[in-house]
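Heads up: the structure comes next, in structure tokens.
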Amino acid sequence: MNFKVPSRLRRLLVDSVELPQLKFPITRPRSQPARRRVPTRLVPQRLTEILWFGRNPGDLRMLEYVPPGVEGPMPLVVVLHGCYQNAEDFDRASGWSALARLHGFAVLYAEQKPSNNANLCFNWFRPSMVTRDRGELGSIREMIDFSCRVHDIAASRIFVMGLSAGGAMASALLANYPELFAAGAIIGGLPFGAARDALSALDVMNRAAVRPAEKWADFVREASPDTTRFPPVSIWHGVDDDVVAYGNAEASVAQWLAVHERPQTKGRLRLFEGGERREWRNEAGEAILELVTLHDFGHGLPTGPAPEGRESANEAERFMLPSTISAPEKLVHAWNLTN
């Protein structure tokens, strides 16, 4: 069954404004070898397709950008697009490769094929596709392993970010491979285990599944029964999202809070122009979860203020939405990728 996404998302939401300095402390800085800064002109870089990276059980495409002249191990950011999107369009609108060139980290894109899903959605709702080392999840893991073998990647600094269906796949990666990732971001996505087929996926997208927090956590624990450490998770969602209901963000919060069995303290709520951010920390004072709620915002990736009069360049950019803040830029700072 193919997804049909409502078309009433095309709108410019927020005028360009000057924001106060915001801090998103999702991970602690780690001591790393010095890396050379690269030129500061923020323009998209050409992605390179890797034609063979492993068995590829999910039959996905792999594209990457690795900045030249970087000294020392590089962080790696895995980026997963949403429905109706591809890697190149997503990169051009999000700016990930431009940020990678500026700050000296590598970017890996997994791209869906029409033969797997006519709407280019990752099949996050099929258990066979989100089981460890199987299906599309297995393909993405092989891509990461390939990058680590071929490039000088810092194994302790691998991150994942996904939008919509890509956000749901990011949830699955974090649940199945918590030891692999330093942190992750789920943007306009869904909790792991929210659906088991296309019909139930449509239902939870529209109105969100309601389950006890421990049940949500059980999905993660069953995927990684021997894991004692889970990475920090950043969840972003628009209040006016009419493709993936906001309740899915609340379910994701419940899932990852319950995974951390010890009591957590809720940090103070921080307001910013266009939204609010809430943070949770563990007993040691380490950030384990944040929820970024975007007011008057629909379904898409917040990409920062848009130039006046700019319209979507193509169908894919319907879900790359102007906002008061840019999620990629905030994540770069939160994950200490500027070091």
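The values are calculated or read from the model by the stated rules, or taken from the named source; none is laboratory data. Because the structure is predicted, anything quoted here is derived from the model rather than measured. All Cβ positions, glycine included, derive from the backbone under ideal geometry; neighbour counts span all protein chains shown.
Quick notes on this structure:
- Any hit, the stretch 156-176, residues being more than 18 Å from the chain's Cα centre (by Cα) and not β-branched (Val, Ile, Thr): no
- Pairs where the first residue, in the stretch 226-252, is among the aromatic types (Phe, Trp, Tyr) and the second is assigned to a loop (DSSP other than H, G, I, E, B) and buried (at least 17 other Cβ atoms within 10 Å of the Cβ), C-beta under 6 Å, 6+ apart: PHE230/PRO178
- Criterion: among the charged types (D, E, K, R), in a helix (DSSP H, G or I), under 16 Å from the mean Cα position of the chain (by Cα) and on the phi < 0 side of the Ramachandran plot - qualifying residue of ARG149, ARG101, ARG141: ARG141
- Of the residues examined, SER115 is not one that is of a type in the set (Gly, Ala, Ser) and either buried (at least 23 other Cβ atoms within 10 Å of the Cβ) or in a helix (DSSP H, G or I) (or both).
- Residue within the stretch 74-96 that is more than 21 Å from the chain's Cα centre (by Cα) and either over 23 Å from MET161 (Cβ atoms) or at pLDDT 95 or above (or both) present: no
- Residue check, ALA213 of a type in the set (Gly, Ala, Ser), surrounded by fewer than 18 Cβ atoms within 10 Å (Cβ to Cβ) and more than 24 Å from ASP145 (Cα to Cα): yes
- Between ALA194, ALA175, ALA185, ALA168, the distinction of being of a type in the set (A, V, I, L, M, F, W, C) and part of a loop (DSSP other than H, G, I, E, B) belongs to ALA194 only.
- Some residue of the stretch 186-207 being buried (at least 22 other Cβ atoms within 10 Å of the Cβ) and within 25 Å of ALA154 (Cα to Cα): yes
- For GLU261, the stated conditions hold: it is surrounded by fewer than 18 Cβ atoms within 10 Å (Cβ to Cβ) and in a loop (DSSP other than H, G, I, E, B).
- Residue satisfying condition, being of a type outside the set (Lys, Arg) and part of a helix (DSSP H, G or I), within set ALA201, ALA155: ALA201
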